[in-house]
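The values are calculated or read from the model by the stated rules, or taken from the named source; none is laboratory data. Nothing here was measured: the structure is a model prediction, and the numbers come from that model. As a convention, Cβ positions derive from the backbone with ideal geometry for all residues, glycine included, and neighbour counts pool all protein chains shown. Remember, those area values only see protein heavy atoms, side chains included, never the ligands or the DNA or RNA. Shrake-Rupley method; radii C 1.70, N 1.55, O 1.52, S 1.80 Å.
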Amino acid sequence: MVSRVIPVDPFDLVIFGGTGDLARRKILPGLFRRFCAGQMPEGSQIIGAARSEMDDSEYREMVSDAVAEFGGGRTCEAGTLEAFLATVSYVTTDAKGDGGWVDLNGKMREDRVRAFYFSVGPSLFGDLAERLHRFGLATPESRIVVEKPFGHDLETAKALNATLAQHFDETQIYRIDHYLGKETVQNLMAVRFGNMLFEPLWNAQYVDHIQITVAETVGVGGRGAYYDHSGAMRDMVQNHLMQLLCLIAMEPPAKFDPNAVRDEKLKVIRALEPVDWHHIVRGQYGADENGQSYREDVEDPKSRTESFIAMKCHISNWRWAGTPFYLRTGKRLKARASEIAVVFKDAPHSIFGADAGRHRNVLAIRLQPNEGMTLDVTIKEPGPGGMRLLDVPLDMSFAEALGPDAEEATEAYERLIMDVIRGNQTLFMRGDEVEAAWAWTDPLIEGWQARNDVPKQYDPGSSGPEDALMLMHRDGRKWREVKA
Ligand code: BG6
């Protein structure tokens, strides 16, 4: 198998917040990797823009350090880093004032794709959008890229959409959810719509339930102030888990085209039923052996924000009526493991009698780490002793099946930035999708706030609070083990 690099047109990419954490960790190292892969065409340039006073050479030094620290150790031909740095420059720019904008405009070229990455807090989106127009940088073809959190609730998301819409058309706005850029997340669509095997069974008649788990071992780290204001629901469910749910549950789009795919995702979000509060479990990690707890991490001894959430959801449509979707995500859990498991129903009648026990097929798609798929199939236990049944996995690790190409797989940010340059919005959230997602999550959050709900404590390194296990037990079901 040969990996393919699809060429893109030469571009001018301005990164607002060019000295920030996201730029250093993800955007700049990602661009470097694309440069190594030969995908950044000659004549392209990257312009860092931020408030700090620095010149081109100081910025290049910062970029070089970022690539060394976060570039994933990718080895490129000698001299590649220098060639990459030659495409990079910097303009001190004041998002709230007039400083730097004329200089920035002077750097833009007529015959290049123009993209402006807003790697800044949402409070600056409006200021940047307005200045891009006022100073003549925005053209009808230029694109802006905005990061999550896209709003804090429906009202703020609507306001952000309205602000951006004053200056840019929806086709110019690229709202990033980096989960959509993950290789395996796109594989969900390939598995569902590229195979004949699964789709006929992909419905309430054959599927008992679906589990979506995104477990992390990290805590809130240095992001306490942001996180404590958000919690797992806003930070992970409203966006990443919701996107996974959409890709697993949506109807087949007629084609792999931005609006066809996003229309189908939107229908799923709109068909989500409100969740009964008995079906939501919120958790917060307690102290580890060093006494470090969530409340310590966020420096609020009374915080009621959840670092874990598990919930049972239903989608009211013909395909899924009656099939529960169990979602869970949390920090400081026992392993970093994300997977989607489609648990099929029992065979309607067992010819092997009661002794054969209960067996069911499970298709598990592992998103990270060790991306791959397993399908549990029931077989006869080998040897004498009658017809005893056993579930064994057909196990496929993408790394093993695809060899070095899988290891070289592009990271989410690299792929998404190249999609922006290409003008392909398929893997970006549309404004109405984001609003629909908030319209579903807002009442749930308001519900637990009104009840003064206190999250259940769980031990760091565990699978979350006991109540989350009970959520499944009560239904005669069981979470899959959280393991890497
Ligand atoms: C981010 C969240 O969007 O996704 C973080 O804000 C979370 O809290 C991260 O840790 C998880 O991303 P990944 O790619 O490591 O699974």
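Can you say whether Glu77 is more than 26 Å from Leu137 (Cα to Cα), modelled with pLDDT of 95 or more and not small (Gly, Ala, Ser), as far as the supplied structure shows? No.
The criterion of at least 1 residues that are in contact (Cβ under 8 Å) with a residue 24 or more places away in the chain, of a type in the set (S, T, N, Q) and more than 16 Å from Asp177 (Cβ to Cβ) is met by the following strands (runs of 3 or more DSSP E) wholly inside region 367-462: 389-397, 456-458.
A quick yes/no check of all residues on (1) within 20 Å of the chain's Cα centre (by Cα); (2) not charged (D, E, K, R):
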| position | (1), (2) |
| --- | --- |
| Gly385 | no, yes |
| Ala412 | yes, yes |
| Phe428 | yes, yes |
| Asp432 | yes, no |
| Ser462 | no, yes |
| Asp475 | no, no |
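From the list Gly97, Gly48, Gly126, pick out the single residue that is open to solvent by 10 Å² or more (accessible area, probe 1.4 Å), at pLDDT 95 or above and within 30 Å of Thr163 (Cα to Cα). Criteria check complete, one pass: Gly97. Tell me whether region 183-206 contains one or more residues that are touching a Ser or Thr at 6+ places or on another chain (Cβ under 6 Å) and touching a residue at least 24 places away in the same chain (Cβ under 8 Å). Within region 183-206 (the criterion being touching a Ser or Thr at 6+ places or on another chain (Cβ under 6 Å) and touching a residue at least 24 places away in the same chain (Cβ under 8 Å)), the answer is yes, since at least one residue qualifies.
So, in region 121-165, exactly how many residues are under 28 Å from Arg270 (Cβ atoms) and of a type in the set (Asp, Glu)? Here the count works out to 3. Number of residues in region 24-69 that are in a helix (DSSP H, G or I), over 22 Å from Arg109 (Cβ atoms) and not polar (S, T, N, Q) equals 15.
Being hydroxyl-bearing (Ser, Thr, Tyr) and touching a Phe, Trp or Tyr at 6+ places or on another chain (Cβ under 8 Å) is true of Thr426. Within region 225-241, residues that are within 22 Å of Val185 (Cβ to Cβ) reach partners that are among the acidic types (Asp, Glu) and more than 10 Å from the ligand (Cβ to nearest atom) with beta carbons closer than 7 Å, at six or more positions or on different chains, in the pairs Ala232/Glu306; Met233/Glu306. Of the set (1) assigned to a strand (DSSP E or B); (2) at positive phi, all apply to Gly72 but (1).
Hey, can you tell me all the residues within region 51-75 that are under 18 Å from Ile417 (Cβ atoms) and either open to solvent by less than 50 Å² (accessible area, probe 1.4 Å) or touching a Pro at 6+ places or on another chain (Cβ under 6 Å) (or both)?
Within region 51-75, Val63, Ala66, Val67, Phe70, Gly71 meet the criteria.
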